[in-house]
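A quick write-up on the structure given underneath.
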Amino acid sequence: MLGRPMAGGGRSGRVSGGGHEETAPYSVQGWGLEKTAGQWARSSQLTVARDGDDRDFRTKEGTLGSEGLCFGGLCSSAPARASYSRGWDGKVSKIKKTIQSILPGKTRDSLYNTSHLPPEHSDVVIVGGGVLGLSVAFWLKKLEKKQGAIRVLVVDRDYTYSKASTGLSVGGIRQQFSLPENVQLSLFSINFLRNINVHAEYLAVVDAPPLDLQFSPSGYLLLASEKDAATLEKNVRMQRQEGAKVCLMSPEQLRNKFPWINTEGVALASYGMEDEGWFDPWSLLQGLRRKAQSMGVLFCQGEVTRFVTSSSRMETSSGEQMILKRICEVHVKMNHSLEYQPVECAIVINAGGAWSGQIAELAGIGKGPPGTLEGTKLPVEPRKRYVYLWHCPQGPGLEAPLVTNTNGVYFRREGLGNNYLGGRNPTEEEEPDPTNLEVDYDFFQYKVWPHLAKRVPAFKTLKVRSAWAGYYDYNTFDQNGVVGPHPLVVNMYFATGFSGHGLQHAPAVGRAVAEMVLEGHFQTINMSPFLFSRFYLGEKFQECNII
């Protein structure tokens, strides 16, 4: 399996910078790239060429040197000044302060109000304030060694979340995936959600009302045709091994339990008996944000428009030249303004959802020669998905699970008034224009409703009441998440690309990213197969159960 950490020795390579070069050992652990530079840059054994005046000082908590104070995988300040070249733009704020400090009788605040700007320094900058970005922020503060040790800034363009994927989701959570890692993520997340108000270490906040996620534990029901029955049975066997409570049902058993279903064309079904269903995504989003604020996380409304990077050239033992980059500053442009604020940082988390591919490009990811690691793009793009709300007085009752038909059409109950939500993923040829969130009602009329009416005869008389569209952060490579650091832009970490199941996996993914940042490796769940390196290696980690 791709990228699983390996024990064992390292090799040696050469790192150059600051006008000279020195030999440095590197490790081949943890990257899944046995012949690329990212693993060597990540290794704690790697020594980057430094100015002769720089020194390292070991303390009880970490290492204090030219790169600042380090806890596990996180360094709290910008890289060594002698090792890297810095752009002029990164000095603007310091020059402004110097000029203002010499003006007689003037303070900086009297010249210019900066209360609306983000801080000039943050240890971690999270780009994207959706549920994944907020989960990373929460776990970074939860797992920090000392309270207040890490400054975390979350940057998002729109805190109304009017176009955010989280709030436009149908809110499902399930264990019925085709990969064991995704089953593990779901099991961790459902446990987190069940205990969300029980312990202060989760999302409970002193003197604040408890969160009501409105969790409906009605399960998922996946229907398979004769062609897909063997795959469904194999998946259920794996899901049970991972601890999920899932059962197989024959057509006859389906008719007995759910008499409103027409089983024509159904050879087998799988039904989640526990810890599956749906909840209110907005409540989880607001709960994470409230908790993060109570823990000291900073928030800024703005758009990241530029990364200022430093670079170092490394030569491998085979003579291959690699350029390692580190983001030193994030430029945040204020909304409805030409003004921007540079923020010095040690770590950047790319949790930009459907736009995370564009954010990666700002850091130079994918801009090298085709077929190289430098030229490997983050294959995540926005895909528009429709959700329709309809009313049907004779429709399935309160016992109805979220049903996925043999062709991908799905529906679930919404509330208690015989209302239902549903839709279908379009084929590649049917993909709608993602530049807007307009709804195509003809898609429901011709691509969704006929299959609903055939599977549930009562839906022949349904009435569509409303609809909306939202974005999937769609991974075009293998429809699975991207988690962990980039091999060459060594301080950019990903939490994106889940192609529709990011909401339900957010609690577990946030913890995994925080573990990698703080400790340098995954601890709770081995997320090595989700690393960026698989795109360069061409090794797909395919998730087949995309709804």
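Figures for the structure shown
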{"item": "Test: residue in the stretch 439-448 that is open to solvent by 30 Å² or more (accessible area, probe 1.4 Å), touching a residue at least 24 places away in the same chain (Cβ under 8 Å), in a loop (DSSP other than H, G, I, E, B) and within 22 Å of Ser162 (Cβ to Cβ)", "result": "yes"}
{"item": "Test for Ala512: is it outside any loop (DSSP other than H, G, I, E, B), without any contact (Cβ under 8 Å) to a residue 40 or more places away in the chain and out of contact with any helix residue (DSSP H, G or I) (no Cβ under 7 Å at 6 or more places or on another chain)", "result": "yes"}
{"item": "Residue pairs meeting the criteria (Cβ under 9 Å; at least 6 apart or on separate chains; first in contact (Cβ under 8 Å) with a residue 12 or more places away in the chain, in the stretch 521-547; second outside any loop (DSSP other than H, G, I, E, B) and among the basic types (Lys, Arg))", "result": "Thr524/Arg511; Ile525/Arg511; Lys540/Arg534; Phe541/Arg534"}
{"item": "Residue match in the stretch 418-428 (condition: open to solvent by 20 Å² or more (accessible area, probe 1.4 Å), in a helix (DSSP H, G or I) and at pLDDT below 95)", "result": "yes"}
{"item": "Matching residues, the stretch 333-367, being in contact with a Leu (Cβ under 9 Å, 6 or more places away or on another chain), assigned to a loop (DSSP other than H, G, I, E, B), open to solvent by less than 30 Å² (accessible area, probe 1.4 Å) and at negative phi", "result": "Ala351, Ile365"}
{"item": "Within the stretch 157-181, considering residues that are among the β-branched types (Val, Ile, Thr) and either farther than 22 Å from Pro401 by Cβ or open to solvent by 20 Å² or more (accessible area, probe 1.4 Å) (or both), the one modelled with the highest pLDDT", "result": "Val170"}
{"item": "So Phe215, is it surrounded by fewer than 22 Cβ atoms within 10 Å (Cβ to Cβ), closer than 20 Å to Ala508 by Cβ and in contact with a helix residue (DSSP H, G or I) (Cβ under 6 Å, 6 or more places away or on another chain)", "result": "no"}
{"item": "Count - residues of the stretch 463-485 that are under 30 Å from Pro259 (Cβ atoms) and open to solvent by less than 20 Å² (accessible area, probe 1.4 Å)", "result": "0"}
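The rows are residues; the columns are (1) modelled with pLDDT of 95 or more; (2) part of a loop (DSSP other than H, G, I, E, B); (3) open to solvent by 50 Å² or more (accessible area, probe 1.4 Å); (4) of a type outside the set (Ser, Thr, Tyr).
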| residue | (1), (2), (3), (4) |
| --- | --- |
| Gln253 | yes, no, yes, yes |
| Thr263 | yes, yes, no, no |
| Ala269 | yes, no, no, yes |
| Gln301 | no, no, yes, yes |
| Thr305 | yes, no, yes, no |
| Glu329 | yes, no, no, yes |
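So that you can scan it fast, the table gives a plain yes or no per residue for (1) of a type in the set (Val, Ile, Thr); (2) at negative phi; (3) part of a loop (DSSP other than H, G, I, E, B); (4) touching a strand residue (DSSP E or B) at 6+ places or on another chain (Cβ under 9 Å):
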residue	(1), (2), (3), (4)
Glu201	no, yes, yes, no
Val206	yes, yes, yes, no
Leu211	no, yes, yes, no
Gln214	no, no, yes, yes
Leu232	no, yes, no, yes
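The values are calculated or read from the model by the stated rules, or taken from the named source; none is laboratory data. None of these values were measured; they are calculated from a predicted model. Positions of Cβ are generated from backbone atoms using ideal geometry, with glycine treated the same way; all protein chains shown enter the neighbour counts. Protein only, heavy atoms only, side chains kept; ligands, DNA and RNA dropped before computing areas. Shrake-Rupley method; radii C 1.70, N 1.55, O 1.52, S 1.80 Å.
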